[in-house]
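Worksheet: the structure to be examined is printed underneath.
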Amino acid sequence: MTTQSLPTTEVAGAPLRTIEPRLIQRSTRVLLVEDEPLTAEVFARSLIRDGHVVDVARDGLQALRRLKERMPSLVVLDMSLPTMSGADVVRELRAAGHTDLPIVVVSGSERRDTKLTAAELWPGAWLCKPIKPRELVAVVRDLTRRHDGSLPDPD
């Protein structure tokens, strides 16, 4: 294990305080795509505390730009976003060949409302809002631990 100072993450124009350095076993880069500032801040803080490096995007187009700049290990994605829906972000990612990038959808919508298939979301998870931050962290931790490119195909 190594000690790592976690970077400050900007959410809604205000920087989050840097979390105290702690012993971590992983350094997973997570792209959090959430337009609601308070939700983004709460989720980002929880993921940072769990040892993840978090980049935040506030809309679909910003998410795609961030993905081109630096590919994350996992994406946490809201479906209702300005400029481009979360479903369109998923489709763009998969069409660009990022078929093994885990996506955790956190949404108030049902999956059937987005017309996304299980194959488009695989590997990943669909979490319905409201969700507790610790539940999101547990799903992200599980996906990053299990994802090694050999996950079974979805049903």
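Return the residue satisfying two criteria in turn: it lies in the stretch 93-140 and is among the β-branched types (V, I, T) and within 18 Å of A63 (Cβ to Cβ), and of such residues it is surrounded by the fewest Cβ atoms within 10 Å (Cβ to Cβ). Step by step, filter the stretch 93-140, then rank; the result is T99. Can you find, within the stretch 77-106, the residue that is farthest from K132 (Cα to Cα) among those that are of a type in the set (D, E) and part of a loop (DSSP other than H, G, I, E, B)? Among residues in the stretch 77-106 that are of a type in the set (D, E) and part of a loop (DSSP other than H, G, I, E, B), the one farthest from K132 (Cα to Cα) is D100. For the stretch 46-70, a tally of residues being out of contact with any Ser or Thr (no Cβ under 8 Å at 6 or more places or on another chain), outside any helix (DSSP H, G or I) and not basic (K, R) returns 2.
Among the hydrophobic types (A, V, I, L, M, F, W, C), free of Cβ contacts under 8 Å to residues at least 40 places away in the same chain and crowded, with 21+ Cβ neighbours inside 10 Å, is that true of V90? Yes: the conditions hold for V90.
Going through (1) in contact (Cβ under 8 Å) with a residue 40 or more places away in the chain; (2) more than 21 Å from V139 (Cβ to Cβ); (3) under 14 Å from the mean Cα position of the chain (by Cα) one by one, P82 falls short only on (3). Taking residues in the stretch 107-124 that are modelled with pLDDT of 85 or more and assigned to a strand (DSSP E or B), and partners anywhere that are of a type in the set (D, E, K, R) and surrounded by 12 or more Cβ atoms within 10 Å (Cβ to Cβ), the pairs with Cβ atoms closer than 9 Å and at least 6 places apart or on different chains are S107/D78; S107/K129.
The values are calculated or read from the model by the stated rules, or taken from the named source; none is laboratory data. What you are looking at is a predicted structure, and each value in this text was computed from that prediction instead of being measured. Neighbour counts run over all protein chains shown; Cβ positions are idealised from the backbone, glycine included.
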